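What follows is calculated from the coordinates using simple rules that are stated; it is not laboratory data. Small disclaimer: the values here were computed from a predicted structure and weren't measured. A quick note on method: Cβ atoms are made from the backbone with ideal geometry, for glycine too, and the neighbour counts reach across all protein chains shown.
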Amino acid sequence: MIKFSDIKVGDYMLGEFDGKMWQGQVTGLNGNEKQVCLRTDVQEFWFSTDQLYPFPLSDDALQILNFNKQVNEDGSVKYMKGSFRLVIPKANDFSSIEMWYREDRRHHPDVRYVHQLQNQYHDMTKIHLTTAPM
């Protein structure tokens, strides 16, 4: 389960309703009832936090978010979007990452899911991380 306080408007999540998973972007938050509105490819739906699931951080997810990928000689992989950089020690190993934006460097932040990366990215750049190109 995702903590309500970790969810921000613009985050990408999965919502479950009647056994069906819906991919969507958070468009609204209802703090009184701890509900989250997801815009899916069909329409907007409201979900409680126990119906929400995160997208795991992966190479595919970063490609969808329009990051450019560079494989380094030492086997590490650097993902770039504008001046923002994210480095993992080896391909598909997101257990230990480093990220930086200009002089703001973060070593081993607790980022395992796309919404956590989106929130870190926004905190560092003041820009929402979406699938739209920069």
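If you place +1 on the Cβ of every Lys and Arg and -1 on the Cβ of every Asp and Glu, how big does the dipole about the Cα centre of the chain come out, in debye to the nearest 20? Please report the intermediate quantities before stating the final value.
Details: 15 positive and 18 negative charges, 76 e Å.
For this selection, approximately 360 debye.
Roughly how many debye, to the nearest 20, is the charge dipole of region 59-125 about its Cα centre, given +1 on each Lys and Arg Cβ, -1 on each Asp and Glu Cβ, and no other charges?
Details: 9 positive and 10 negative charges, 27 e Å.
It works out to roughly 140 debye.
With 10 angstrom as the radius, rank 83, 76 by how many other C-beta atoms surround their C-beta, starting from the fewest.
Fewest to most other Cβ atoms nearby, the residues stand as 83, 76.
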Exercise for the section: Would you work out which of 35, 120, 92 lies farthest towards the positive end of the dipole of the chain? Charges go on Cβ: Lys and Arg +1, Asp and Glu -1. Expected result: 120
Problem - Virtual paramagnetic centre 7 Å along Cα→Cβ of residue 127, amide N under 11 Å, in region 56-82 - result: 81-82
Exercise for the section: Can you put 117, 62 in order of Cβ neighbours within 10 angstrom, beginning with the fewest? Expected result: 62, 117
Completion exercise
For residue 74 and residue 30, extending 7 Å from Cα along the Cα-Cβ vector and measuring point to point gives, in nm, a value of 5.0
Exercise for the section: Please give the length that would be gained between residue 66 and residue 39 if that part of the chain were fully extended, namely 0.36 nm times their separation in residues minus their C-alpha to C-alpha distance (nm, one decimal). Expected result: 7.7 nm
Exercise for the section: Provide 21, 80, 99 in ascending order of the number of other Cβ atoms located within 10 Å of each residue's Cβ, fewest first. Expected result: 21, 80, 99
Handout entry: the chain: relative contact order as a whole-number percent, Cα under 8 Å and 6+ apart
Key = 20
Practice task
Tell me which label goes with the value of Rg and Dmax of the Cα atoms in Å computed from the coordinates here: [x] 15.4, 51; [y] 18.6, 77; [z] 19.4, 59.
Solution key: [x]
Problem - Karplus (6.51, -1.76, 1.60) ³J(HN,Hα), θ = phi - 60°, over region 80-96, in Hz, Gly and Pro reported as x - result: 10, 8, x, 8, 7, 10, 9, 10, 10, x, 7, 3, 6, 10, 9, 6, 9
